[in-house]
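First the structure, in the form of C-alpha cells, and then the observations on it.
The values are calculated or read from the model by the stated rules, or taken from the named source; none is laboratory data. Just so it is clear, the model here is predicted, and its values are computed rather than measured. Cβ placement follows ideal geometry from the backbone for every residue including glycine, while neighbour counts extend to all protein chains displayed.
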Amino acid sequence: MNNKPTYLTVKDHSVSGETFQLLYNDELDMLETFPQPKAENLSDYYNSENYISHTDTKRNLFERVYHIVRSISLKRKLKLINAFKSEDKTLLDIGCGTGDFLETAQNDSWQITGIEPNKNARQIANSKTNNSVFEIDHLADLEQNTFDVITLWHVLEHLPNLDMHAKLFKRLLKPNGRLVIAVPNFKSYDAKHYQNFWAAYDVPRHLWHFSKTSISKMFQPQNLKVVKILPMVFDAYYVSLLSEKYKSGWMNPLRAFWIGMQSNQKAKRSKEYSSHIYILKQQDT
C-alpha cells in the first residue's frame, strides 16, 4: 500500500493520454511517478514519432529549437568532460539516443561506448559511431573500473531500478572517474509556473523527479559525492515551449521565452534551474 502524499496529478500529453500521480518521497526529497508501468509495458510509452531523442527530425518549431540547442550543448558537454583530463579518455554514455554526443567525443579521440535500448535510435547512433552502441544488456558484460567518465544526459529519470544502477555506475567507474548526470529539477520556477503542464515531468517515461538533495542522498551508499552542480540554462526555454503547447494548444514562443527567461533570472538567486548537471566522484576514504 502506498502512503506517500500526492504532490501533483499529471497527464501523459505525448503518447497515451493517461493520468499519473506524482508522489512526494520525503526521505529523498523527490517525486515518484505512480503507478509506474510494468517493465514489459514501459516501451509502449516510447512508441511515438514525437519522442525527440530517438529521431533526427526537424519538422516543427520545437524540434528545430531542440536541435539548435543540442548543437550548442554538444560543444559544452565535450568541454566539460575534457576538463577532467582523463588519461585514457574512456567514455560510457548511457541512453545515448541517436549518438551525437558519442560522435562528438569520438572525433576528439575519446574511446566511446554507448548504451541505447531503442532499436531505431541505436541504429542511427551506430551509423555515426562505428557500431559502438549496444543494447542495455551489454552493461553486464563490461569490465569493472573501465571508464574515466560515465554520462547520463536526461536518462537517470527513465531508469526503473535506481539502487541497482547506482551500484553499476560505481562498479564501471575507475577509482578517479567521474559520473555526470543531467536531470530536470522539479523545484525550478518553470516547473512551479506550469504545474501539471510542465513538460519535463513527461510521465510515465520519467519515473523519478529529482532535487539536489535526492541526487546527493541517492549516491551516498556508493561513496559517490556530488562535487559540482552546473545549470542547463537552455532547458528552461524549450521545456517552456512544450509546456505552453500542453497548456494552451500551441507553443506560444514569446510567452515561452518570457517564462524561460524569468526562470533563469530567478535561478541566479535560488540556484534552482530548470535542469542541472551533477558531477560526482568517489569520496576519499
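Table for the structure above
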item	result
Residue list for region 104-153, restricted to those being closer than 15 Å to LYS77 by Cβ, surrounded by fewer than 20 Cβ atoms within 10 Å (Cβ to Cβ) and among the acidic types (Asp, Glu)	ASP108
Close pairs from region 179-205: first closer than 30 Å to PHE147 by Cβ, partner outside any helix (DSSP H, G or I) and at pLDDT below 95, Cβ under 6 Å, at least 6 apart	PRO204/PRO37
When residues of region 19-43 are limited to those that are out of contact with any Leu (no Cβ under 9 Å at 6 or more places or on another chain) and surrounded by 13 or more Cβ atoms within 10 Å (Cβ to Cβ), the one nearest to SER243 (Cα to Cα)	PHE20
Region 206-234: number of residues that are out of contact with any His (no Cβ under 9 Å at 6 or more places or on another chain) and either closer than 23 Å to MET261 by Cα or in contact (Cβ under 8 Å) with a residue 12 or more places away in the chain (or both)	17
Residue list for region 246-274, restricted to those being part of a helix (DSSP H, G or I), touching a strand residue (DSSP E or B) at 6+ places or on another chain (Cβ under 9 Å) and hydroxyl-bearing (Ser, Thr, Tyr)	TYR246
Any hit, region 162-174, residues being under 22 Å from PRO221 (Cα atoms), surrounded by 21 or more Cβ atoms within 10 Å (Cβ to Cβ) and without any contact (Cβ under 8 Å) to a residue 60 or more places away in the chain	yes
Every residue from region 14-33 that is modelled with pLDDT of 95 or more and under 19 Å from the mean Cα position of the chain (by Cα)	LEU22, LEU28, ASP29, MET30, LEU31, GLU32, THR33
